[in-house]
Amino acid sequence: MEDLSLVSMGESCLEDDFKSPRRRTPLSEVQLEEIAPRCNATGPPLLSRIKKKIRCSGSTARSQLVKFIPILGWLPHYRVKEWLVGDIISGISVGTVQLPQGLAWGLLAGVPPVFGLYSSFYPVFIYSLFGTSKHLSIGTFAVMSVMVATVTESLAPNENFLLPGNDSVIDIVARDQARVEAASALSLLIGIFQIALGLMRFGFVSMYLSDPLIRGYTTAAAFHVTMSQLKSILGVEISQKSQPLSLIQAFVTLCAKTPQTNIGSLVTGIIAMIVLFTVKLLNENYHSKIRFIIPIELITLIVATGISYGVNLNEKFGMEVVGDIPVGIKAPVVPNISLFRHMIGNAFALAVVVYAFNISLAKMFAIKYGYNVDSNQELMAIGICHTVGSFFQCFSVATAMARCLVLESTGGNSQVSGFISSLMILVIILKAGELFETLPKTILGAIVIVNLKGIFMQFSDVPGLWRANKTDLLVWIVTFLATILLNMDMGLAVSVAFSLATVIARTQLPHYSILGQISNTEIYRDVELYGQVTEVPGVKIFQSSCTLYFANADLYADALKKMCGVDLDKLIKMKKKAIKKHRRIQEKAKKQRKSGAKGEIENELKAISPELAAATRAEDKSLINVSEETAPDYWGPHKCPFHSLILDLSTASFLDTVSVKVLRNIIRDFQEIDVKVYLVGCHASVVKQLELGQFFNNTIAKDQLFSSIHDAISYIFRNLDQSITIVNGGDVVDLS
């Protein structure tokens, strides 16, 4: 019972202490370190840490293997009865979407459609082994395909494959083979970049691609994709180059070739787009009633292929068809690495963009369903997909929101659905691919354009960003325009640079404020933004909304002087002038006192200070000798209106050498006019940086650092032996 009562009394004391925090003595940084000293241990030596890292026991090896190949971890715990049916249904559903998209996106990438099927099989299967997300659907993606096309068509343009002696006939087989080589080499280089970044634990690199940047980029990319497919809809041939203003040039060329439009291709494409768009709207709006997704792309492929075969659209109307689709799996081929030097910039841009798409969707579904994804393992997984796929002549792949939503809505629970969809594509490659040889290319173009509807809907971001954050809106617009006017890799580089520039600009234009106390609390807020807030008499509390570093340190000092309402340089100059004048008067007083003539000096002293004049009459040398510390007492109306300055550094996450120097200069300048400066809210790392920067010396002591603003104010007035009471709105606040 006694123990319980003691515990109860202890809890009561603590509770009272929190209820009445002003009763405790304010503690400076020096006093806090005496009570709870900081640990200066640097940990084990570097060699010991390295040995610990590379030491490999059986359990460590198993955990690393499971981490690298996640299927070894989740497959033994797979819930067959609960998950298998849903995974099979979702795998088949995604497979039916993968088939038409693989054919269409292959054509979009500038390679024969069958390579789109390869890219819908190998990477999907590999991701199921190495990926950590349960709901990502890896495969061909329109934006990636058009970026691949800019590389393949620039390295293997039509002009290089004209038949000798006939400038109008293109050697299509040789051209396609060259483009496949370029696409697979690009895929290998992308995979190398991604695996290297994953090994270096650079999974955080996607954070530099903000959501407005990605959405603005993909919206602009949709225009590049649409332009590349309009040629299939119109049945004309245009080349799309990878250079600034290439989209504008392609549009002008397309308009010039409009009279050559193939009417059969145009009519077929328009009918297909109307059907696709209508059924997709039904799928979106009536999914809860029809309880299944109509595979309209697959149905359109089958119907169009049947009509084309029966009517012979190729010969009767001159409509271009898919052509030969080889059946079976091809032997692996080593990519042509000599092409790397032509595609390094594009490869790195694609490596980062693909990862950004994947990790953003992976995290979205992980949060929704309560599981974890490893960002670095995701980078490794997609890198392995690209690397292995390149040996089977696959081009760049990514996840797509539409396929992910199909996977989720049809009951997908794990990566098993990816196995199912890849096996479905494998059956098509082995047996059924040749059935689609008579498929008109205009159908694939229609599928591409209709599937961009969701991306074009991102224009609705603009009014929302205008209301929420105009800086993010500016990033969206600049990204969109840069990607439209420049090629896609240069547009991405400009967009990232501009996005980072906005971050720097925001740190250089923070919100500076003078704080006051909310009555009857220990809370301090901006006096301009909050009502019922009063400045503490004789104390200025200054706060910046962002960290302090070399780019904004001088701006911080200028804003401080301006918002404190004092001309610091003028006051320092006046003080030095007053000290010089006092010393001159002292010398003159001594000489006149020796000569016995006191009248002239007494009149001069009366104008400055009656007390000094009286001291001269009384020959009180202790009062006549005016020091630098007492000189400001004779400034009159020019004296600084406050005696203490508090700098709130709670927003500073770090300090560099420039900011330490600026803080030292601020304290020195204010001490020149007898204003004591205190730093509050410094994190432990900031205190350590101040120590390493030799910030503390004979004039700046560590007892000028406090944990909170209220501690500093309490210390100031206790040190001044004053009790300050603020009356504000009827509330009385005692700071003593």
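The values are calculated or read from the model by the stated rules, or taken from the named source; none is laboratory data. Please read these numbers as outputs of a predicted model, since none were measured by experiment. Methodologically, a virtual Cβ is constructed for each residue, glycine included, from the backbone with ideal geometry; neighbour enumeration extends over all protein chains shown. Please note that ligands, DNA and RNA were not included when accessible areas were found on the heavy atoms of the full protein model with its side chains. Shrake-Rupley method; radii C 1.70, N 1.55, O 1.52, S 1.80 Å.
Please enumerate the residues belonging to the range 75-94 that are farther than 10 Å from Val416 by Cα, open to solvent by 50 Å² or more (accessible area, probe 1.4 Å) and of a type outside the set (D, E, K, R).
Pro76, His77, Val80, Val85, Ile89, Ile92
Across the range 279-289, which residue is nearest to Pro440 (Cα to Cα) among those that are open to solvent by less than 70 Å² (accessible area, probe 1.4 Å) and not basic (Lys, Arg)?
Val279
Under the condition of being of a type in the set (Phe, Trp, Tyr) and modelled with pLDDT of 85 or more, which residue from the range 119-176 is nearest to Thr219 (Cα to Cα)?
The residue in question is Phe141.
What tally of residues in the range 388-413 results from selecting those that are buried (at least 21 other Cβ atoms within 10 Å of the Cβ) and either within 27 Å of the chain's Cα centre (by Cα) or more than 28 Å from Pro112 (Cα to Cα) (or both)? Before you say what the answer is, go through the steps one by one.
In the first step, residues of the range 388-413 are kept if they are buried (at least 21 other Cβ atoms within 10 Å of the Cβ); the result is 389-390, 393-400, 403-404, 406-407, 412.
Then keep just the ones that are either within 27 Å of the chain's Cα centre (by Cα) or more than 28 Å from Pro112 (Cα to Cα) (or both); that gives 396-400, 403-404, 412.
Number of matching residues: 8.
Please work out which one of (1) in a helix (DSSP H, G or I); (2) among the charged types (D, E, K, R); (3) surrounded by 12 or more Cβ atoms within 10 Å (Cβ to Cβ) is the condition Lys330 fails and give its number.
That leaves (1) as the condition not met.
More than 30 Å from Ile274 (Cα to Cα) and surrounded by 14 or more Cβ atoms within 10 Å (Cβ to Cβ): does that describe Phe498? Walk me through how you get there before you give the answer.
Working: more than 30 Å from Ile274 (Cα to Cα): yes; surrounded by 14 or more Cβ atoms within 10 Å (Cβ to Cβ): yes.
Answer is yes for this residue.
Residue-by-condition table, conditions (1) open to solvent by 30 Å² or more (accessible area, probe 1.4 Å); (2) touching a Gly at 6+ places or on another chain (Cβ under 7 Å); (3) more than 27 Å from Gln458 (Cα to Cα):
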residue: Phe202; (1), (2), (3): yes, no, yes
residue: Met207; (1), (2), (3): yes, no, no
residue: Ile238; (1), (2), (3): no, no, yes
residue: Leu247; (1), (2), (3): no, no, no
residue: Cys255; (1), (2), (3): yes, no, no
residue: Thr258; (1), (2), (3): yes, no, yes
residue: Ile263; (1), (2), (3): yes, no, yes
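Taking the range 428-447, which residues are touching a Phe, Trp or Tyr at 6+ places or on another chain (Cβ under 7 Å) and either part of a helix (DSSP H, G or I) or without any contact (Cβ under 8 Å) to a residue 24 or more places away in the chain (or both)?
Filtering the range 428-447 for residues touching a Phe, Trp or Tyr at 6+ places or on another chain (Cβ under 7 Å) gives 429, 438.
Passing the criteria: only Ile429.
Do you know which of the residues in the range 354-387 that are under 19 Å from the mean Cα position of the chain (by Cα) and without any contact (Cβ under 8 Å) to a residue 24 or more places away in the chain is surrounded by the fewest Cβ atoms within 10 Å (Cβ to Cβ)?
Ile367
Would you mind telling me which numbered condition in (1) surrounded by 19 or more Cβ atoms within 10 Å (Cβ to Cβ); (2) not in a helix (DSSP H, G or I) Glu153 fails?
For Glu153, the exception is condition (2).
If you scan the range 677-701, which residues turn out to be under 29 Å from Asn520 (Cα atoms) and either in contact with a helix residue (DSSP H, G or I) (Cβ under 6 Å, 6 or more places away or on another chain) or open to solvent by less than 10 Å² (accessible area, probe 1.4 Å) (or both)?
Val677, Tyr678, Leu679, Val680
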